[in-house]
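The values are calculated or read from the model by the stated rules, or taken from the named source; none is laboratory data. Being a predicted model, the structure only gives us computed values, none of them experimental. As a convention, Cβ positions derive from the backbone with ideal geometry for all residues, glycine included, and neighbour counts pool all protein chains shown. Side chains included, ligands, DNA and RNA excluded: accessible areas come from the protein's heavy atoms. Shrake-Rupley method; radii C 1.70, N 1.55, O 1.52, S 1.80 Å.
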Amino acid sequence: MNKKKIDIFDTTLRDGEQGPGCLLTLQSKLEIAEQLEFLGVDIIEAGFPVSSPADFKAVQEVSKLIKNAKVCALARARELDIDIAVDALKNAVCPRVQLGIGTSDIHIKNKFNSTRDEILAVAFKMVRYASKKIEEVQFFAEDAGRADNLFLAKMVENVIDAGAKVVNLPDTNGFCTPFEYYEKIKFVIDTVPNIHKAKISVHCHNDLGMATANTIAGLLAGASQAEGTVNGVGERAGNAALEEIIMTLMIKDLPVYTTVNPIYISKLSKMVERAMSNDVQANKAIVGRNAFAHSSGIHQDGVLKDRSNYEIIDPAMIGFELPDLILTARSGRAALKNRMQTLDIQFVEKEFELYYDCFLRLADTKSIVTDADLVDLCHDINKR
Ligand code: KIV
Ligand code: ZN
């Protein structure tokens, strides 16, 4: 199969930081940006410079630090926003400005009290304005997820004519199902006559828990860039989680691929979790602390025979330090024996049932039996 490379666009520092309570210090932003560069993402969206002096400074400093990835800054469709974004990016090796405006009728009426024609005109004017100041302009059609598809196609053609090199079609409110988003992206790609002059980007929010599925659907429909955040942080229910997109592309045989190196995922996830003081839920796909934990007897026995029985990803691929099997009241003999051998606890094979019986009694009183619990338990049994 002839596979297409897609660009990975990280927006942890911009859209991710918009999550309530997720404010980052400049130092943290620089550390995260550096780690994203190690991961090999293609574009880092560093901030929204007009929004505050600290965000301006962050975009400036990230621009100086990053050498391989493109650095992007956000702007509304306003001259002042664009001027300030271009200024903040002036030291970037490969700068990009992303500017945009609402495209759903809900936004056009309720946010701008405007009309489709007026919004088309503003978008054209501002993309043209930005294109004269910077080579790479990305346009975002805000709330594309709820926009009329014919109008969206008109908007995409319009901003490509004005000079946009990338057109982002965000499902800003996480409203689409994967099939709807696939159809939307495909419709735009099949309908817009000048589409070959630009890349289409997908940017999905997680309000219905479908952000990653929608992103993959958008890529399969022909988009060339996927946007997301580390740990899926972001406004409300968050953005598509970058690690989920990357690992889906890595382990599935799809017509699209990425060149990022997933070995840095685990470290980056912990770094963002700490820096934002925003705990990753234990059962979060790929990076949750239970993502590779097995606790029932049937699963533990299977994993001890061969990890692939219950793991679709080798945790070493993402630099995840493998936890021991967790001992609980659902654990079986194979896991207990394995842990006793690891802890070098001596026992006579024919007495193993006694240990297992005592272990189950203890496990029924606690959610997890730790190594220390097990050592104490066996010590007590051996004293009898
Ligand atoms: O969700 C969204 O629409 C955005 C744009 C600013 C790209 O984050
Ligand atoms: Zn967003």
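For the reader, a short list of remarks on this structure follows.
- Inter-residue pairs, beta-carbon under 9 Å, first free of Cβ contacts under 8 Å to residues at least 40 places away in the same chain and basic (Lys, Arg) and in the range 10-36, second assigned to a helix (DSSP H, G or I) and open to solvent by 10 Å² or more (accessible area, probe 1.4 Å), 6+ apart: LYS29/GLU17; LYS29/GLU61; LYS29/ALA275
- Leading residue by the ranking (farthest from ligand 1 (Cβ to nearest atom)) among those in the range 195-216 that are closer than 30 Å to MET271 by Cα, over 14 Å from the mean Cα position of the chain (by Cα) and open to solvent by 10 Å² or more (accessible area, probe 1.4 Å): LEU208
- Hits in the range 23-73 - residues which are out of contact with any Lys or Arg (no Cβ under 8 Å at 6 or more places or on another chain) and of a type in the set (Ser, Thr, Tyr): THR25, SER28, SER51, SER52
- Single condition PRO95 does not satisfy, out of (1) over 27 Å from the mean Cα position of the chain (by Cα); (2) away from ligand 2 (no atom under 16 Å from the Cβ); (3) not small (Gly, Ala, Ser): (1)
- Filter result for ALA226 (away from ligand 1 (no atom under 16 Å from the Cβ), buried (at least 24 other Cβ atoms within 10 Å of the Cβ) and either free of Cβ contacts under 8 Å to residues at least 60 places away in the same chain or part of a strand (DSSP E or B) (or both)): no
- Any chance ASN231 is within 16 Å of ligand 2 (Cβ to nearest atom) and more than 19 Å from LEU169 (Cβ to Cβ): yes
- Residue pairs whose Cβ atoms lie under 7 Å apart, sitting 6 or more positions apart in sequence or on different chains, and linking a residue in the range 268-294 that is without any contact (Cβ under 8 Å) to a residue 60 or more places away in the chain and more than 23 Å from LYS29 (Cβ to Cβ) to a partner that is of a type in the set (D, E, K, R) and surrounded by fewer than 17 Cβ atoms within 10 Å (Cβ to Cβ), are ALA282/ARG289; PHE292/GLU311.
- Counting only helices (runs of 4 or more DSSP H) wholly contained in the range 112-194, the ones carrying 1 or more residues that are under 27 Å from ALA92 (Cβ atoms), open to solvent by 20 Å² or more (accessible area, probe 1.4 Å) and touching a Gly at 6+ places or on another chain (Cβ under 6 Å) occupy 116-133.
- Every test in (1) on the phi > 0 side of the Ramachandran plot; (2) out of contact with any Leu (no Cβ under 7 Å at 6 or more places or on another chain); (3) surrounded by 19 or more Cβ atoms within 10 Å (Cβ to Cβ) is passed by GLY16 save one, and that test is (1).
- Top-ranked residue in the range 1-23 [being within 16 Å of ligand 2 (Cβ to nearest atom) and assigned to a loop (DSSP other than H, G, I, E, B); ranked as farthest from GLU244 (Cα to Cα)]: PRO20
Residue-wise test of (1) under 20 Å from THR328 (Cβ atoms); (2) in contact (Cβ under 8 Å) with a residue 60 or more places away in the chain; (3) hydrophobic (A, V, I, L, M, F, W, C); (4) open to solvent by 30 Å² or more (accessible area, probe 1.4 Å).
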position: LEU343; (1), (2), (3), (4): yes, no, yes, yes
position: GLU353; (1), (2), (3), (4): yes, no, no, yes
position: CYS358; (1), (2), (3), (4): yes, no, yes, no
position: ALA363; (1), (2), (3), (4): yes, no, yes, no
position: SER367; (1), (2), (3), (4): yes, no, no, yes
position: ASP371; (1), (2), (3), (4): yes, no, no, yes
position: LEU374; (1), (2), (3), (4): yes, no, yes, no
position: HIS379; (1), (2), (3), (4): no, no, no, yes
position: ARG384; (1), (2), (3), (4): no, no, no, yes
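- Yes/no for ASN214 being within 13 Å of ligand 2 (Cβ to nearest atom), touching a residue at least 40 places away in the same chain (Cβ under 8 Å) and under 21 Å from ASP15 (Cβ atoms): yes
- From the list LYS64, LYS57, the one residue that fits, being in contact with a helix residue (DSSP H, G or I) (Cβ under 9 Å, 6 or more places away or on another chain), among the charged types (D, E, K, R) and away from ligand 1 (no atom under 16 Å from the Cβ), is LYS57.
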